[in-house]
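What follows is a single structure, written as structure tokens, with notes after it.
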Amino acid sequence: MSAARTTTTPPPPTSSGGRLKKTGVYVLLSVGLLVMAAPFLWMGLSAFKTDRDLTASPPVWIPTEWTFEHFGELLDRLDVPLYFFNSLTVAVLVTLSNLVFCSMLGYALAKLRFGGRNRIFALVLGALMVPGNLMLLPLFVLMSKLQLIDSYAGLVLPFAAQAFGVFLMRQFMQSIPDELLEAARIDGAREWYIFWRIAMPLVKPALATLSILIFLGSWNNFVWPLIATNDPGKYTLPVALATFATDPNQSDGSNGMLMVGSLLIILPVLLVFLVLQRHFTQGLATTGMK
Amino acid sequence: MSTTTESVADADADPVKSGPGADSPSGGRDHRKQRPVAVQHMAGWLFSTPFLVLFAVFMALPILATLLMSFTDFGLRNVTDPFSAEFIGLENYTKLFEDEKFLKALFNTAYFVVVGVPLTVGLGLVVAVLLNNGIDRARTFFRVGFYAPVVTSIVAIAVVWRFVLDPSDGLIAGLASEVGLTSPDFLGSEALAMPSLIVMAVWRNLGTVMVLFIAGLQAIPPDVREAARLDGASTWQEFRRITVPLLRPTMLYTTVITTIGYLNVFEEPFVMTQGGPSDSTLTVSLAMYREGFNFFHMGYASAMAYVLFVVIMAITVLQLRLLKDNTK
């Protein structure tokens, strides 16, 4: 403490001490990253291993012999294209409906002055805090009553308009200058035209962020699709894989097939994420900081 | 009608724009504003309607229905005929607190939160600070790496982790055997199953917390740090006296959302251990799921859901109070 007091000038950032510190930071982060990545690497490599390599002790990281046999085996036993299609359809529908509905309400909350606005916003904030599991049971009863179990509608509707999407869109809509909208209003533009043709194009980055977050949430969603589908023909990819993995008659406990299945769920998402990662963190930071 | 004008005033009280005509210099401008306000009022409601309808049917209604169901003996037959369920008052709730399984589930959930939340928030903060200090070039690379588990499917993650933890040919077993140790049966042991799930959850959620902390760190003005350094503060002092206090709002937020998430923990035990061995990883959400969808005791399960909900609300309010008071 007293030593620090005697130092009157700050250490320049490029001093040897700073460089040493920097190296230390790099080492720590690299170790951390390796731990984070290990399960992914293990999965990716195991998908290409022969059964002998999979059960080898001590385990082998790099396959001694690369094989695609588990891909074929899994595709024979599990209708992966069908489940892929189901997941994709549901995710696309959920994303589109959120893009429209969340933007509409987000725009209204940010840019339209109307009675009840504050109360609706309070409702949105409240909805953010309600745990999803609270609604599962009546939602299942409701969907049974509406005969929407085992249908895309049953999988899509409960997620068609999500509160966090409204929150995110409201944040971004607020950044649009009022003068711009006011000018359009004075020119006689209808509110829908202003929203669709002026506001929406201005928040394209936000729409990208929202699409990614919602699409991903839907793609990875597990609990509701598990409940809302009984017919294997309507399973989404995660439900199909989980069912497959826990049924020893089907999977024979074969690690290889399960690794392939996991890879097929994760890979598309991971690729999208790597390309568009800026939007993920941006969305999270935006909804998180306010 | 009277409510309409009242609500318009309510909306106009919003600081975004001043009240109607309050500081308007001319009456003529007031006259022009008259129409847009009415139009905006209409438009506002029309723009809100789709969300509100979906919200009412698929969220508000189920939330309310859960509450009602929790006072009934709602069972399998009531799925097709909901209104024949019988009102039984508080019976479900009183039964809950004599149900050893439920009490165990409460304990397990508390365990998960008490150990998991500090680990997740703490490690997330450490990684964020490391990324923010001294790393410029590889920042994106590391951030993406640490965030990747967040975007991946729990099912795929569970499958992989089961093999990582497998006592005979898993990754950890292999590493252990190289140094002459034998790996414990992580998921098969009553003592180790829950800690294993916690490690997995920390691994999976670290990235979320990290990103929020990075955003918080970047909001700290650089001259504040500079001033501290000019005054001769060490790195540690700078962290303790500058970074931590200024990060309080972020810390509050990440703690609260992580706690809420962990109180709801369902997927990890469901796909990894199904609550076993001997209910050592049975959480409240999992117990609710079992009662509701395996045994179709939906009234009873609804009572569980509401107890959990009340616990979550109480803890969130408590955290907001405690942590917020510290900042001021």
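General remarks:
- Which numbered condition A:Leu180 misses (of (1) surrounded by 16 or more Cβ atoms within 10 Å (Cβ to Cβ); (2) farther than 18 Å from A:Leu213 by Cβ; (3) more than 10 Å from chain B (Cβ to nearest Cβ); (4) among the hydrophobic types (A, V, I, L, M, F, W, C)): (1)
- Scope the stretch A:119-171; condition closer than 22 Å to B:Leu286 by Cβ and charged (D, E, K, R); matching residues: none
- A:Phe48 satisfies every condition listed in (1) surrounded by fewer than 16 Cβ atoms within 10 Å (Cβ to Cβ); (2) away from every other protein chain (no Cβ under 11 Å) except (1).
- Boolean, A:Val100 is within 29 Å of A:Pro177 (Cβ to Cβ) and surrounded by fewer than 20 Cβ atoms within 10 Å (Cβ to Cβ): yes
- Residues in the stretch A:110-130 that are at pLDDT 90 or above and more than 7 Å from every other protein chain (Cβ to nearest Cβ): A:Ala110, A:Lys111, A:Arg119, A:Phe121, A:Ala122, A:Leu123, A:Val124.
- A single entry from B:Glu178, B:Glu190 fulfils the requirement of being charged (D, E, K, R) and facing another protein chain (nearest Cβ under 8 Å): B:Glu178.
- Of all positions in the stretch B:152-165, none carries a residue that is more than 7 Å from every other protein chain (Cβ to nearest Cβ) and free of Cβ contacts under 8 Å to residues at least 24 places away in the same chain.
- If you filter the stretch B:76-89 down to residues that are more than 9 Å from every other protein chain (Cβ to nearest Cβ) and in a helix (DSSP H, G or I), you find that the one that is nearest to A:Cys102 (Cα to Cα) is B:Phe83.
- Filter pass, B:Phe141 being within 13 Å of chain A (Cβ to nearest Cβ), within 30 Å of B:Arg229 (Cα to Cα), assigned to a helix (DSSP H, G or I) and out of contact with any Pro (no Cβ under 7 Å at 6 or more places or on another chain): yes
- Given (1) in a helix (DSSP H, G or I); (2) farther than 29 Å from A:Trp66 by Cα, index of the condition A:Val260 fails: (2)
- Failed condition for B:Pro50, given (1) part of a helix (DSSP H, G or I); (2) more than 8 Å from every other protein chain (Cβ to nearest Cβ): (2)
Per-residue answers, yes or no, for (1) in contact with a helix residue (DSSP H, G or I) (Cβ under 9 Å, 6 or more places away or on another chain); (2) modelled with pLDDT under 85; (3) hydroxyl-bearing (Ser, Thr, Tyr); (4) surrounded by fewer than 20 Cβ atoms within 10 Å (Cβ to Cβ):
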{"site": "B:Leu119", "(1), (2), (3), (4)": "yes, no, no, yes"}
{"site": "B:Leu123", "(1), (2), (3), (4)": "yes, no, no, yes"}
{"site": "B:Val126", "(1), (2), (3), (4)": "yes, no, no, yes"}
{"site": "B:Phe142", "(1), (2), (3), (4)": "yes, no, no, no"}
{"site": "B:Tyr147", "(1), (2), (3), (4)": "yes, no, yes, no"}
{"site": "B:Thr152", "(1), (2), (3), (4)": "yes, no, yes, no"}
{"site": "B:Val155", "(1), (2), (3), (4)": "yes, no, no, no"}
{"site": "B:Trp161", "(1), (2), (3), (4)": "yes, no, no, no"}
{"site": "B:Ile172", "(1), (2), (3), (4)": "yes, yes, no, yes"}
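- Count of residues meeting criterion [in a helix (DSSP H, G or I) and either under 12 Å from B:Ala301 (Cβ atoms) or more than 7 Å from chain A (Cβ to nearest Cβ) (or both)] in the stretch B:62-75: 5
- In the stretch A:48-92, the residue that is nearest to the chain's Cα centre (by Cα) out of those that are small (Gly, Ala, Ser) and assigned to a helix (DSSP H, G or I) is A:Ala91.
- Among the conditions (1) under 21 Å from A:Gly32 (Cβ atoms); (2) at pLDDT below 85, B:Thr208 misses just one, which is (2).
- Which listed residue, of B:Thr283, B:Thr254, is surrounded by 14 or more Cβ atoms within 10 Å (Cβ to Cβ), more than 28 Å from B:Lys101 (Cβ to Cβ), touching a residue at least 40 places away in the same chain (Cβ under 8 Å) and within 11 Å of another protein chain (Cβ to nearest Cβ): B:Thr254
- A:Asn230 vs. criteria surrounded by 21 or more Cβ atoms within 10 Å (Cβ to Cβ), of a type in the set (S, T, N, Q), closer than 18 Å to A:Leu136 by Cα and within 13 Å of chain B (Cβ to nearest Cβ): no
- Close contacts from the stretch A:255-274, counting a first residue that is farther than 24 Å from A:Val60 by Cβ and more than 8 Å from every other protein chain (Cβ to nearest Cβ) and a second that is among the β-branched types (Val, Ile, Thr) and assigned to a helix (DSSP H, G or I), with Cβ to Cβ under 8 Å and a gap of 6+ residues or different chains, come to A:Val272/A:Ile212.
The values are calculated or read from the model by the stated rules, or taken from the named source; none is laboratory data. Keep in mind the model is a prediction, meaning the values are calculated, not measured. Virtual Cβ from ideal backbone geometry, glycine too; neighbours counted across all protein chains shown.
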